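Report on the following structure.
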Amino acid sequence: MNKMKFYIMTIALSLTAVPVLAASTIKMQVEGLVCAFCGSAIEKKLRSNAATADVLVSLEHKIVALSLKDGQDIADDTLRTQITDAGYQVKKIERVPDTLDSLRAALKGR
């Protein structure tokens, strides 16, 4: 019976970990984005992270998103600090399963 509990717990934990591991895109709600220079400054800052594969900045929707290189991650605190130090306010950080291309398409459709 103990082995059965062990197997069930192992399966349950592995299933809950899959979405976190699969999320290679970080999406952030950022306040203070008002011009193309703002977007360029944030993009340059985020691209300086070795784990960053690509960056999306939407001034209209106040969204900044980045895709991660395979097997890489950037801590939320690091992202928050980089954006705050650049003069902007991070309202929300979430890891999403979407690609940057799908986010771009969704933003164009709004």
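Some observations on this one:
- Under the condition of being surrounded by fewer than 18 Cβ atoms within 10 Å (Cβ to Cβ) and either under 20 Å from Ser102 (Cα atoms) or more than 14 Å from the chain's Cα centre (by Cα) (or both), the residues counted in region 82-91 number 5.
- Residue selected from region 59-83 under the condition of a type in the set (Ser, Thr, Tyr) and outside any strand (DSSP E or B), by the criterion nearest to Gly32 (Cα to Cα): Thr81
- Of all residue pairs spaced 6 or more apart or on separate chains, those with beta-carbon atoms under 6 Å, a first member in region 84-103 that is assigned to a strand (DSSP E or B) and a second member that is among the charged types (D, E, K, R) are Gln89/Glu31; Val90/Arg80; Lys91/Glu31; Ile93/Asp76; Glu94/Lys27; Val96/Lys27.
- Taking region 40-76 as the range and being more than 12 Å from the chain's Cα centre (by Cα) and among the acidic types (Asp, Glu) as the test, the residues that pass are Glu43, Glu60, Asp70.
- The one condition in (1) in a helix (DSSP H, G or I); (2) modelled with pLDDT of 95 or more; (3) within 15 Å of Ser24 (Cβ to Cβ) that Leu56 fails to fulfil: (1)
The values are calculated or read from the model by the stated rules, or taken from the named source; none is laboratory data. A quick note: this is a predicted structure, and the numbers were derived from the prediction, not measured. Reconstructed Cβ throughout: ideal geometry from the backbone, glycine too, with neighbour counts over all protein chains shown.
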